[in-house]
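Asks: Input: one structure, supplied below.
The values are calculated or read from the model by the stated rules, or taken from the named source; none is laboratory data. Computed from a prediction, not measured in an experiment: that's the story for all the values here. Reconstructed Cβ throughout: ideal geometry from the backbone, glycine too, with neighbour counts over all protein chains shown.
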């Protein structure tokens, strides 16, 4: 008989992702993977979405959460554009 699977511990939501934390996440992602601007933006948006799910599970207010998600998604797009401007992401070379 096999033991029942253990549930993964839920990480605390912490503070909402901001430009600095998303930039750091982008650097870590680009250190391991090549990406297009759109691909990097999706990676960062998923990070914001994961934070939102954890914050909602902790009881965050929907209005506050929606505003933080909108701000985080905007910051994710800004960070992805900045990575292109800095030469960290080159869509033409990726294709």
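Asks: How many of the residues in segment 23-38 are exposed (fewer than 15 other Cβ atoms within 10 Å of the Cβ) and touching a helix residue (DSSP H, G or I) at 6+ places or on another chain (Cβ under 7 Å)?
Replies: The number of residues fulfilling the criteria is 1.
Asks: Here is a list of conditions, (1) over 30 Å from residue 93 (Cβ atoms); (2) surrounded by 15 or more Cβ atoms within 10 Å (Cβ to Cβ), and residue 61 meets all of them except one; can you say which number that is?
Replies: Only one criterion is unmet by residue 61, namely (2).
Asks: Further, regarding this structure: Among the numbered conditions (1) loosely packed, with under 11 Cβ neighbours inside 10 Å; (2) modelled with pLDDT of 95 or more; (3) more than 13 Å from the chain's Cα centre (by Cα), tell me where residue 20 comes up short.
Replies: Among (1) loosely packed, with under 11 Cβ neighbours inside 10 Å; (2) modelled with pLDDT of 95 or more; (3) more than 13 Å from the chain's Cα centre (by Cα), residue 20 violates only (3).
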